[in-house]
Amino acid sequence: CQRPPPQGHGLTKQQAQQLWEQVIAFSGFGFNQGHATAYAAVSYRSAYMKAYWPAAFLCARLADRGGYHHPAIYMAEATRLGIRLRPPHVNYSNAKFTLTWEASQSGETPCLWMGLDAVRDLRQTTIRAILKERRRAPFQGLRDLVARVDFQTKELIHLIQCGGLDGLGENRATLLTEAEGIKRSGTEKQMAFSFAAKQTKPETAQEAMSWEMQLLGYPMSVHPLDLVKDLPEHVPLKKLADFEGELLSIIGVRLPGWTGGEGFFFGDGDTFIMAWLDRGQAQPPAWQPRLLRGRWVGDGMGTYWFKVQNILNIEPRSI
């Protein structure tokens with residue numbers, strides 16, 4: 001371990017001793033050679049896929065509802081890599097997570113659409129009907145959708161609220177009003193005169209996030225920090241390496257999932273890190289904006305985390 005590259009890893013004596021102690025601890029439950037070889041092959045293939053086809057890799061991982069980590073961590077990793085995340089949509093999503101490509105200034109940007117099966121109370125028969133009709137032609141609007149697919153009332157409402165028809169109407173609130181009018185008239189073919197149409201205020205960002213949390217379990221189109229006015233002074237998570245060892249403040253939300261120890265994952269919508277707690281400290285609730293006071297530290301072997309001293313609440317606002 002202490003031999004310089006390329007013959008060795010160039011570790012210091014202290015690093016080599018620490019690594020050896022970790023190996024000793026692992027020997028108590030380490031796998032046999034056959035098991036270890038199989039895991040190594042899977043690990044190499046997974047690492048290769050993530051390195052060269054990250055969008056496809058993460059789409060497949062999320063379509064299988066995650067893996068070792070909570071799905072929220074894979075979605076945070078996608079965001080960190082510049083992959084766009086979208087809520088389920090009748091014109092783009094399959095039953096599970098779906099990968100598409102969107103035009104951008106740099107060419108094409110990968111986009112991951114959450115699957116239709118993530119929408120609460122949306123039946124499998126309805127999902128199959130949506131996909132069948134979409135193969136025939138994309139849906140042009142709410143009335144076109146309900147003319148071609150037989151929905152229960154709550155299915156249609158939930159689809160609208162979580163963003164499943166975004167772009168097919170002025171906003172989600174207007175689509176909900178239109179759906180109410182269709183239900184009241186009993187047919188999607190009866191049109192209202194423009195002067196008699198009910199004027200509806202757009203949904204607030206707080207309402208959109210609340211709907212998504214309730215129906216999908218995740219804030220897909222609105223990040224919790226978007227609802228905070230006048231953020232206190234803080235260091236963005238992606239710049240923590242510039243302040244190693246200094247006492248500072250960071251802002252974000254705890255992501256669901258387990259780090260493998262006493263800490264938690266903490267994200268700000270651009271990137272995410274591990275935050276480490278002292279034993280006995282309580283984790284903050286998931287998705288709630290918090291300010292953490294502490295230091296960015298490492299173990300000398302490439303692993304870094306935020307050592308938390310204090311956790312402070314941040315009050316959101318309705319926008």
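Among 6-12, 210-216, 101-107, 236-242, the peptide with the highest mean count of other Cβ atoms within 10 Å heads the list, and the full ranking is 210-216, 236-242, 6-12, 101-107.
For an R0 of 45 angstrom, estimate the FRET efficiency from the Cβ-Cβ distance between residue 249 and residue 38 and round to the nearest 0.05. The calculated FRET efficiency here is 0.50. Would you mind classifying region 19-69 by shape? Square roots of the alpha carbon gyration tensor eigenvalues, ordered a ≥ b ≥ c; an a/c under 1.5 is rounded, otherwise it is prolate if a/b is larger than b/c and oblate if not. Prolate shape, in that a/c is at least 1.5 and a/b is the bigger ratio.
For percent of Cα pairs over 33 Å apart, the value calculated from this model appears in [x] 40; [y] 26; [z] 19 under label [x]. Helical content of the chain, expressed as a calculated mean residue ellipticity at 222 nm, amounts to -10500 deg cm²/dmol (DSSP H runs of 4 or more residues, -39,500 (n - 2.57) each, divided by residue number, nearest 500). Note on the chain: with charges restricted to the Cβ of Lys and Arg (+1) and Asp and Glu (-1), its dipole about the Cα centre is near 760 debye. Under the simplified labelling scheme, the residue 68-residue 200 pair shows an inter-label distance of 4.5 nm, with each label point 7 Å from Cα along Cα→Cβ. Computing FRET efficiency as 1/(1 + (r/R0)^6) for residue 120 and residue 207, where r is the C-beta to C-beta distance and R0 is 25 Å, gives about 0.95. In the elastic network of the chain, a GNM with C-alpha springs shorter than 10 Å, the most mobile of 308, 42, 90 is 42.
Counting only protein heavy atoms and a 1.4 Å probe, region 48-113 has 52 square angstrom of accessible area per residue. Only protein heavy atoms count here; on that basis, with a 1.4 Å probe, residue 92 has an accessible area of about 100 Å². Which FRET efficiency value, to the nearest 0.05, is calculated for residue 12 and residue 310 with the Förster distance at 41 angstrom and r the Cβ-Cβ distance? FRET efficiency, residue 12 to residue 310: 0.80. Rounded to the nearest 20 debye, the dipole magnitude of region 5-108 is 100 debye, with +1 charges on Lys and Arg beta carbons, -1 on Asp and Glu beta carbons, and the Cα centre as origin.
Figure the gain on full extension for residue 185 and residue 242 (residue separation times 0.36 nm, minus the Cα-Cα span) and round it to one decimal in nm.
Gain in length upon complete extension: 14.4 nm.
Extension gain for residue 136-residue 170 works out to 9.8 nm (0.36 nm per residue, less the C-alpha to C-alpha distance). Accessible surface of the chain, 1.4 Å probe: 52 percent of it comes from carbon and sulfur atoms.
The values are calculated or read from the model by the stated rules, or taken from the named source; none is laboratory data. All values derive from a computational prediction rather than experimental measurement. Every residue, glycine among them, receives a Cβ derived from its backbone with ideal geometry; neighbour counts consider all protein chains shown. Side chains included, ligands, DNA and RNA excluded: accessible areas come from the protein's heavy atoms. Shrake-Rupley method; radii C 1.70, N 1.55, O 1.52, S 1.80 Å.
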